[in-house]
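The values are calculated or read from the model by the stated rules, or taken from the named source; none is laboratory data. Just so it is clear, the structure is predicted and the values come from calculations on it, not from any experiment. As a convention, Cβ positions derive from the backbone with ideal geometry for all residues, glycine included, and neighbour counts pool all protein chains shown. For accessibility, only protein heavy atoms count, side chains too; no ligands or nucleic acids. Shrake-Rupley method; radii C 1.70, N 1.55, O 1.52, S 1.80 Å.
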Amino acid sequence: MTGTLAPPRPAAPIAHPGAAAEPLALYVHWPFCAAKCPYCDFNSHVRPAVDAARHGRALLAELEHEAARAGARRPLASIFFGGGTPSLMPPDAVAAVVDRARALFDPAPGLEVTLEANPTSVEAGRLRAFRDAGVNRLSLGVQALDAASLGFLGRNHSAGEAVAALEHARATFPRLSFDLIYARPGQGEAAWREELRRALSLAADHLSLYQLTVEPGTRFATEHARGAFRLPDDEAAAALYAATAEEAARFGLEPYEVSNYARPGAESRHNLAYWRYGDYLGLGAGAHQRLTLDGEILAARRHRAPETWLAAVERDGHARAEEAALTPVDRGREAMLMGLRLTEGVDPARIEARSGLPFDAVVDPAMRDALEEEGYLRWLPDGRLQATVEGRLRLDALLPVLLR
Ligand code: SF4
């Protein structure tokens, strides 16, 4: 892989990050789960009782507060209900957020509204109510389709429930994604291909694939430390990853991000906003936010504990625990960290506009050339810089040497 294509340089002066009103993506976090999965380090909590109506009112209050700060009727491209387990939300609380967001912002035609759901029979029974609440894309946390793996992962749905939920979701929503976890202990390539084919034939225009890792503070971390299980080595995990791309391609799904596959046009618009370093509002406990205001990109994080979050919103109208303007260097780094995950790569002009820095002040040109020579980066004919398949598999190692 050699670098023979020169990137076009932007002729115009470097734009300021606040030069144009960025369309917004809206993330809404529901932090509660029925049980804690042993691998999970998300901000998710198990509570004996949740006052869902009160929590829903607080989400609306935080939405009003952030919309007023963001400016009148900003364009809104997507809403994403994540968690936790947002399919445990009352559908009328989902409807209230969608309706209020539509009124406060300028919604894009065909506004994408995604909700994450677990495929238990209880939650699957409420899918129609979520569709009626305005959800038009479902992301189903299938994780695995065999009983032993579901038991190991601590999921409280069966393989049969997952299949039934996929079929029901397919019939209910115009757009459907599902998640699978791979590189499970003892997982063989042939069995993984079979499992993938089964899931892909039942669904779906979008697949998110997560490699099982052992995260500090989880139950798996304790069990792994005492030798209760072993994960596949890097070579075996890479073989499973490569098999995934082949199987997804058979069903017309292409990799558009390190962990995501879609039919053309079915990419998650919401997640693309993160990877293209757009603005997003994050509501709910522990949610993060990036908002361009007065020429600055403000990075905010909310209180993580649901009770602290709720008390802060009821007192102050919002629960931002920290907020700071990012430096130009940080803006450039964040934009590169996110953008190189995408198959489409990054547009240097976009990086310059969002960071306020020349591209070469964000990316070390000597390292860029070296990584290009080694086949980890390449320039695309349209002037974008892309991490190759090999590069995308090694982004954690590559980015620290590439970025200034
Ligand atoms: S359902 Fe999802 S968010 Fe909740 S504990 Fe399991 S993996 Fe974590």
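Some points to look at:
- Cα gyration tensor shape of region 173-317, rounded if a/c is under 1.5, else prolate or oblate by comparing a/b with b/c: oblate
- Of all the options Ala101, Ala35, Ala133, the one that moves most in a Gaussian network model of the chain with Cα springs shorter than 10 angstrom is Ala35.
- For the chain, built as a Gaussian network whose Cα springs stay under 10 Å, the top-fluctuating residue of Pro90, Pro38, Pro216: Pro216
- The gain in end-to-end length when the Arg102 to Asp294 segment is fully stretched comes to 66.7 nm, 0.36 nm per residue minus the alpha carbon separation.
- Measuring between their Cα centroids, region 268-300 and region 99-145 lie 20 Å from each other.
- Take region 259-404 with all the other protein chains still there, run a 1.4 Å probe, and you get 40 Å² of accessible area per residue.
- Extending 7 Å from the Cα toward the beta-carbon at both Arg304 and Ala397 defines two label points whose distance is 3.0 nm.
- The chain, accessible surface, carbon-and-sulfur percent (1.4 angstrom probe): 54 percent
- Electrostatic tally near Asn136: other residues with Cβ closer than 15 Å to its Cβ, Lys and Arg +1, Asp and Glu -1, net +1.
- Most mobile listed residue (Met367, Met336, Met89) in the chain, GNM with C-alpha springs under 10 Å: Met367
- In range of the label at Asp51: residues from region 307-325 whose backbone nitrogen is under 20 Å from the point 7 Å along Cα→Cβ: 307-320
- Taking 4.7 Å between beta carbons as the limit, the unpaired Cys residues of the chain are Cys33.
- Region 97-229 - Rg and Dmax from Cα coordinates, angstrom: 17.0, 54
- Shape class for region 254-313, computed from the alpha carbon gyration tensor (a ≥ b ≥ c): oblate, with a/c not under 1.5 and a/b at or below b/c.
- If the chain linking Asp316 and Ala191 were pulled fully straight, counting 0.36 nm for each residue of separation and taking away their Cα-Cα distance, it would gain 39.8 nm.
- Global geometry of the chain, whether rounded, prolate or oblate, following the gyration tensor of its Cα atoms and the 1.5 cut on a/c: oblate
- The candidates Arg384, Arg269, arranged from most to least accessible area with a 1.4 Å probe in the full protein assembly, appear as Arg269, Arg384.
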